[in-house]
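The next block holds one structure in the form of structure tokens; read it before the comments.
The values are calculated or read from the model by the stated rules, or taken from the named source; none is laboratory data. The model shown is predicted, which means the values in this text are computed figures rather than measured ones. Here the Cβ positions follow ideal geometry from the backbone for every residue, glycine too, while neighbour counts run over all protein chains shown.
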Amino acid sequence: MGKIGAIYSGNFFQHRIFNMEEFRTILKILPACDLPRFDLSKFDALLMAREGNQEVLLANKRKLVRFLDGGGRIISFGEVVNKWLPLCDWRDERIDANTFKIVDETYPLFREISLDDLKWHPRTVHGIFVLYENARPLITGENNYGIMYLDEKSFKGEILATVLDPLCHAGYGLERPMKILKNIIHWSINNK
């Protein structure tokens, strides 16, 4: 079983999720301001929650690329306002959640997940991704914009990015996003 470094920016919802009994042995809290001093090679994956300190992530982009080149996995929730996530083309656009489509319902992330489980916003409040060549769409919306993608080809490691923010909303107590959040975390530790 792998270990996930959870980049912590001090938000209530991050604290609540990162300290849940179910995740306490899986997630290691890494304060964002201390990212430059951490040895990331001790982790199989890094989890970047929405409302994270993107200035710190951008300042450490080379370190994150080395982590990916070394076989690590980055899981990103929400906006990518600062260009810290390699190859990512995030845009501040809104689309109707009723246009969401799970591209491959048999993919392990979607075990016991329905499309309705992914709709805790009436619109994608946190933007869209324009998919690049190696970005395999897992969830799309209107105009085939990316809602969630997996890049398994650009690096030795992987990027799983979604504009959905299950960690935030689960941290505030919503049940619906907790299902996909648990699936993502357990998929990550069991697929390295």
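Every listed requirement among (1) assigned to a loop (DSSP other than H, G, I, E, B); (2) surrounded by 15 or more Cβ atoms within 10 Å (Cβ to Cβ); (3) touching a Phe, Trp or Tyr at 6+ places or on another chain (Cβ under 9 Å); (4) not hydrophobic (A, V, I, L, M, F, W, C) is met by His121 save one, (3). Being aliphatic (A, V, I, L, M) and on the phi < 0 side of the Ramachandran plot is the requirement here; does Leu109 meet it? The answer is yes for Leu109. Annotation: of all residues in region 126-184 being in a loop (DSSP other than H, G, I, E, B) and among the small types (Gly, Ala, Ser), the one that is surrounded by the fewest Cβ atoms within 10 Å (Cβ to Cβ) is Gly173. Just so you know, in region 42-92 the residues that are surrounded by 16 or more Cβ atoms within 10 Å (Cβ to Cβ) and among the acidic types (Asp, Glu) include one that is nearest to Glu133 (Cα to Cα), and it is Glu79. Screening Ala45 against (1) over 19 Å from His126 (Cβ atoms); (2) at pLDDT below 95; (3) touching a Gly at 6+ places or on another chain (Cβ under 8 Å) leaves a single unmet condition, (2).
Exactly one residue among Phe77, Phe100, Phe67 is modelled with pLDDT of 95 or more, in contact with a strand residue (DSSP E or B) (Cβ under 8 Å, 6 or more places away or on another chain) and on the phi < 0 side of the Ramachandran plot, and that residue is Phe67. Filtered by the rule that a residue be of a type outside the set (Phe, Trp, Tyr) and either surrounded by fewer than 17 Cβ atoms within 10 Å (Cβ to Cβ) or farther than 17 Å from Phe77 by Cα (or both), region 12-27 gives His15, Arg16, Asn19, Met20, Glu21, Glu22, Arg24, Thr25, Ile26. Whenever a residue of region 124-144 is at pLDDT 95 or above, its partners that are polar (S, T, N, Q), lying with C-beta atoms within less than 7 angstrom and at least six residues away or across chains, give the pairs Asn134/Ser154. Could you tell me whether region 75-86 includes any residue that is over 13 Å from the mean Cα position of the chain (by Cα) and small (Gly, Ala, Ser)? Checked region 75-86: no residue is over 13 Å from the mean Cα position of the chain (by Cα) and small (Gly, Ala, Ser).
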